[in-house]
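Engineer: I have a structure here, written as structure tokens, and I will follow up with some questions on it.
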Amino acid sequence: MAISKYVKMTLLSATIALMSNAYATTTLKLSHNQNKSHPVHKALQFFAERTNELSKGDLKVRVYSDAQLGNQRESLELVQKGALALAKSNAAELEAFTKDYGVYNLPYLFKSKTQYHNVLRSDVGQKILASSEKNGFLGLAYLDAGARSFYADKAIKSPADLVGLKVRVQPSPTAVNMVKALGGNPTPLAYGELYTALQQKVVDAAENNIPSYTLSRHSEVSKIFSADEHTMVPDVLVISSKVWNELSDENKKAISQAAKEATEKMFALWEKSESDEKQKAIAQGVKFENVDKALFKQAVEPMYKELQQKEPEFYKLVEKIQAVE
Ligand code: GCU
């Protein structure tokens with residue numbers, strides 16, 4: 001029986017579909033919780049462009065901002081299952097998933113901004129990124145997220161000013177311990193819920209870097225930023241282990257290179273955003289207070305002593321970081 005023209009056409013289009021599938025672009029979705037004006041979004045867009053270029057069009061990264069695909073925790077759980085390829089998280093959120101990230105949540109860990117940047121580029125920094133593989137994801141790159149400080153509708157010039165205050169923290173055991181050591185009442189809450197929590201006085205204070213403070217409009221409801229700079233907690237771009245293992249070696253290389261470039265790009269984006277956002281906030285009536293950091297450092301010193309005694313293995317990581325110049 002002669003094959004009808006219809007069947008021939010169907011076979012032909014099925015063949016074309018199969019052929020084009022062999023060369024199809026793989027689209028990887030990337031979730032993050034900042035808005036499009038935040039440097040995080042700009043750095044991730046840059047990462048997406050470079051991944052596409054370096055993979056010669058094999059890979060396309062689509063960036064979803066504003067926690068559209070879920071908050072950081074939800075996104076990470078999707079990544080672990082392989083239902084989402086990429087997510088931007090940070091070392092505070094990741095501490096609950098893989099302990100080594102917790103080291104970045106220790107207050108006054110770094111001597112300077114330069115040392116912090118060098119740690120992110122160092123072997124010890126890279127080992128922490130690799131440490132989560134068995135937990136279903138791999139760290140691809142760090143993104144600078146500056147220093148975090150307290151803000152409220154009163155100045156927090158010393159730990160005594162935190163006594164009796166409900167302070168929003170990220171869901172990190174170390175951040176909880178830090179606020180306790182400083183005398184406040186830690187209240188873990190998702191980032192997206194914080195504006196309303198501050199506005200309705202569910203919490204009295206919070207802590208973050210300057211761009212997140214202003215671009216999430218927390219500066220409208222908490223007008224005094226006390227620059228104690230207690231932590232430098234990097235953001236982390238992660239990829240699902242399941243997705244990673246399915247990539248060709250060339251594409252793995254392309255993604256890793258794009259991620260490395262994104263780290264460097266973010267150092268510059270961050271510096272500019274921090275100074276621009278500070279100026280904007282001042283123009284909007286925010287008051288920046290300088291504080292005596294020594295008082296804060298002294299109050300958290302027992303955290304280090306306790307770690308040294310109770311978790312000597314983990315404390316070695318602290319020492320390795322401190323040894324970076
Ligand atoms: C920073 C960080 C985010 C994090 C947020 C928070 O803005 O970049 O990853 O979610 O702090 O305080 O939750």
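Bear in mind these aren't lab numbers, they're just calculated from the coordinates by the rules spelled out. All of these numbers come straight from a predicted model, not from anything done at the bench. Here the Cβ is made from the backbone with ideal geometry for all residues, glycine too, and neighbour counts use every protein chain on show.
Engineer: Below 10 angstrom from the Cβ of Asn35, what's the summed charge of the other residues (Lys, Arg +1; Asp, Glu -1)?
Structural biologist: Values: positive: Lys36, Arg217; negative: Asp66.
It works out to a net charge of +1.
Engineer: Taking 23 Å as the cut-off for C-alpha to C-alpha distance, list the pairs among Lys113/Lys272; Lys180/Lys287; Lys180/Lys305 that go past it.
Structural biologist: Working: Lys113/Lys272 15 Å; Lys180/Lys287 25 Å; Lys180/Lys305 15 Å.
The answer is Lys180/Lys287.
Engineer: Moving on to the next point. Suppose every Lys and Arg Cβ carries +1 and every Asp and Glu Cβ carries -1, with no other charges. What dipole size does the stretch 147-306 come out with about its Cα centre, to the nearest 20 debye? Mind showing how you got there, number by number?
Structural biologist: Numbers: 21 positive and 22 negative charges, 60 e Å.
That gives the stretch 147-306 a dipole magnitude of about 280 debye.
Engineer: Pick from Pro302, Pro234, Pro171: which is most flexible by mean-square fluctuation in a GNM of the chain where alpha carbon atoms under 10 Å apart are linked?
Structural biologist: The residue with the greatest mean-square fluctuation here is Pro302.
Engineer: For the stretch 18-85 and the stretch 90-123, what is the separation of their C-alpha centers, rounded to whole Å?
Structural biologist: If you average the Cα positions of each part, the centres end up 24 Å apart.
Engineer: In the chain, if the dipole is taken from +1 on Lys/Arg beta carbons and -1 on Asp/Glu beta carbons about the Cα centre, which of Tyr108, Asn90, Met303 is farthest to the positive end?
Structural biologist: Positive-end residue among those listed: Asn90.
Engineer: Need one number: nm distance between label points at Asn135 and Tyr195, each 7 Å from Cα along Cα→Cβ, rounded to one decimal.
Structural biologist: The modelled label-to-label distance comes out at 3.0 nm.
Engineer: Continuing with this model, one more query. Using a basic spin-label model with each label point 7 Å from the Cα along Cα→Cβ, how many nm lie between Ala323 and Glu289?
Structural biologist: For the pair Ala323/Glu289, the computed spacing is 4.0 nm.
Engineer: Same structure again: For the chain, take the longest principal axis of its alpha carbons; what is the angle in degrees between that and the long axis of helix 39-54, to the nearest 10 within 0 to 90?
Structural biologist: 30
Engineer: For the stretch 252-263, take each phi angle, set θ = phi - 60°, evaluate the Karplus expression 6.51 cos²θ - 1.76 cosθ + 1.60, and give the result in whole Hz per residue in order, putting x for glycine and proline.
Structural biologist: Coupling constants for the stretch 252-263: 4, 5, 4, 5, 5, 5, 4, 5, 4, 5, 5, 4 Hz.
Engineer: Can you work out ³J(HN,Hα) from phi for every residue in the stretch 188-205, in order, using Karplus 6.51 cos²θ - 1.76 cosθ + 1.60 and θ = phi - 60°, giving whole Hz and x for Gly and Pro?
Structural biologist: Running phi through 6.51 cos²θ - 1.76 cosθ + 1.60 with θ = phi - 60° gives x, 7, 6, 3, x, 9, 6, 4, 5, 4, 6, 4, 8, 6, 5, 10, 9, 8 Hz.
Engineer: Suppose R0 equals 35 Å; then what is the FRET efficiency for Ala268 and Asp123 from their Cβ-Cβ distance, rounded to the nearest 0.05? Don't skip to the answer; put the middle values down first.
Structural biologist: Values: r = 23 Å, r/R0 = 0.67.
Once rounded, the FRET efficiency stands at 0.90.
Engineer: Another one. Of the cross-linked pairs Lys60/Lys278; Lys127/Lys242; Lys201/Lys310, which ones have a Cα-Cα span greater than 28 Å in the structure shown? Display every interim value, and only then the final one.
Structural biologist: Details: Lys60/Lys278 34 Å; Lys127/Lys242 19 Å; Lys201/Lys310 37 Å.
The pairs that break the limit, which is 28 Å between Cα atoms, are Lys60/Lys278; Lys201/Lys310.
Engineer: Output the pairs from Lys88/Lys297; Lys157/Lys223; Lys111/Lys157 with a Cα-Cα distance over 26 Å in this structure; if there are none, say none.
Structural biologist: Values: Lys88/Lys297 29 Å; Lys157/Lys223 14 Å; Lys111/Lys157 21 Å.
Beyond 26 Å: Lys88/Lys297.
Engineer: Excluding Ser273 itself, what net charge comes from residues whose Cβ is under 11 Å from its Cβ, given Lys and Arg +1 and Asp and Glu -1?
Structural biologist: Values: positive: Lys42, Lys272, Lys278, Lys280; negative: Asp144, Glu271, Glu274, Asp276, Glu277.
Result for the local shell: -1.
Engineer: Something else now. Please determine, in degrees from 0 to 90 and to the nearest 10, the orientation of helix 173-182 with respect to the longest principal axis defined by the Cα atoms of the chain, where the helix direction is its Cα long axis.
Structural biologist: On a 0 to 90 degree scale, this one is about 20.
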